[in-house]
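Chemist: Here it is: the structure, laid out below.
The values are calculated or read from the model by the stated rules, or taken from the named source; none is laboratory data. Because the structure is a prediction, the values reported are computed rather than measured. In this analysis, Cβ positions are derived from the backbone assuming ideal geometry, glycine residues included, and neighbour counts consider all displayed protein chains.
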Amino acid sequence: MLRDLVLYLPDGREIVCVDRLTIEAGTATLVSGPSGSGKSTLFRAISGIWPYGRGTIDRPAGATIMLLPQRPYVPSGTLKTAVAYPSVEGVYSDQAVRQALELARLAPLVLEIDSEDNWAQRLSGGEQQRLAIARAILNKPDWLFLDEATSALDEKLEAEIYCMLTEVLPNTTIVSIGHRSTLIARHRRHIEMEPGQAGIFEPTPKFPRRADSMVEGDKFIRSVPLRG
């Protein structure tokens, strides 16, 4: 739940204002809006990596959160190292890494998990995004924030990835940033970033048309105050 939240840019300009908003556990949610409306900033604040702002972000107690950006970081070294990041290489078995690559539609790379290369240069943008998806499959977070993390994929492959994530990570709540209208069908809830007073953007629920409410039994006890 977000309460009385105002997010700034590093230069002090206010970009996002949230009076009260709940992102519901178990409900796939799409966040859309024009470029520069603060979508990525909002995701970073929820993930705990955006320090500029004030207000309160209540996160589910003990929940794990993973944020996949549009351009994921891909370290050099073995492919296992690149897939395991930010964990160390030995955390996951070779079998688990290979399975994650296959599920992420990167089957041609399965036999190269011990190969060393500059993977950021070798892999295309779409392949790098799918490698990050493989990380999410291995990590199994409670909350997965996809910040245009499938934008380099064609619509058919993007749909396959979303269907796969729903099946493979049934206990993960997916929250996405995206511009394609086809993504609406992949989510149960839609939040639009709309300009409010003085051009400050506000996340506005579009569907389903009901008041924001916390899921019955979902206990939020970890409050993260932001103080600008």
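Chemist: Here is a list: 183, 153. Which entry is aliphatic (A, V, I, L, M) and within 21 Å of residue 74 (Cβ to Cβ)?
Modeler: Of the residues listed, the single one that is aliphatic (A, V, I, L, M) and within 21 Å of residue 74 (Cβ to Cβ) is 153.
Chemist: Another one. Need at least 2 residues that are surrounded by fewer than 18 Cβ atoms within 10 Å (Cβ to Cβ) and among the acidic types (Asp, Glu) per element, so show me which helices (runs of 4 or more DSSP H) inside the range 100-168 make the cut, counting only ones lying wholly within it.
Modeler: The helices (runs of 4 or more DSSP H) meeting that bar are 155-168.
Chemist: Looking at residue 224, is it part of a loop (DSSP other than H, G, I, E, B), modelled with pLDDT under 95 and more than 16 Å from residue 136 (Cα to Cα)?
Modeler: When the stated conditions are applied, residue 224 does not pass them.
Chemist: For the condition of a type in the set (Lys, Arg), touching a helix residue (DSSP H, G or I) at 6+ places or on another chain (Cβ under 6 Å) and under 21 Å from residue 203 (Cβ atoms), what is the one hit in 180, 186, 98? Can you show your working first?
Modeler: Details: 180 fails: touching a helix residue (DSSP H, G or I) at 6+ places or on another chain (Cβ under 6 Å); 98 fails: under 21 Å from residue 203 (Cβ atoms).
Matching residue, one of 180, 186, 98: 186.
Chemist: Consider only pairs whose beta carbons are under 6 Å apart and that are at least six residues apart or on different chains; among these, list those whose first residue lies in the range 110-122 and is under 13 Å from residue 75 (Cβ atoms) and whose second residue is in a loop (DSSP other than H, G, I, E, B).
Modeler: Going by the 6 Å Cβ cut-off, the qualifying pairs are 118/76; 119/74; 120/74.
Chemist: What's the total number of residues in the range 179-188 that are under 14 Å from residue 33 (Cβ atoms) and either free of Cβ contacts under 8 Å to residues at least 60 places away in the same chain or surrounded by 20 or more Cβ atoms within 10 Å (Cβ to Cβ) (or both)?
Modeler: Residues in the range 179-188 being under 14 Å from residue 33 (Cβ atoms) and either free of Cβ contacts under 8 Å to residues at least 60 places away in the same chain or surrounded by 20 or more Cβ atoms within 10 Å (Cβ to Cβ) (or both): 3 in total.
Chemist: List, please: which pairs have Cβ atoms under 6 Å, are six or more places apart or on different chains, and start with a residue in the range 150-178 that is acidic (Asp, Glu) and end with one that is crowded, with 21+ Cβ neighbours inside 10 Å?
Modeler: 158/150
Chemist: Let me ask something else about it. Only one of (1) assigned to a strand (DSSP E or B); (2) free of Cβ contacts under 8 Å to residues at least 24 places away in the same chain is not met by residue 36, so which one is it?
Modeler: (1)
Chemist: Return the residues of the range 30-40 that are surrounded by 19 or more Cβ atoms within 10 Å (Cβ to Cβ) and not small (Gly, Ala, Ser); say none if nothing qualifies.
Modeler: 30, 31, 39
Chemist: Here's another thing I want to ask about it. Tally time: how many residues in the range 18-28 are surrounded by fewer than 19 Cβ atoms within 10 Å (Cβ to Cβ) and either more than 18 Å from the chain's Cα centre (by Cα) or basic (Lys, Arg) (or both)?
Modeler: Going through the range 18-28 one residue at a time, the tally reaches 2.
Chemist: Here are 166, 182, 173, 150: which of them is in contact with a Gly (Cβ under 7 Å, 6 or more places away or on another chain) and either modelled with pLDDT of 95 or more or farther than 24 Å from residue 56 by Cβ (or both)?
Modeler: Step by step, each of 166, 182, 173, 150 is checked, and only 173 is in contact with a Gly (Cβ under 7 Å, 6 or more places away or on another chain) and either modelled with pLDDT of 95 or more or farther than 24 Å from residue 56 by Cβ (or both).
Chemist: If I ask for residues that are loosely packed, with under 15 Cβ neighbours inside 10 Å, assigned to a loop (DSSP other than H, G, I, E, B) and not small (Gly, Ala, Ser), which ones from the range 54-90 would you list?
Modeler: 64, 73, 75, 86, 88
Chemist: Out of the range 41-53, which residues are crowded, with 17+ Cβ neighbours inside 10 Å, part of a loop (DSSP other than H, G, I, E, B) and β-branched (Val, Ile, Thr)?
Modeler: Result: no residue meets the conditions.
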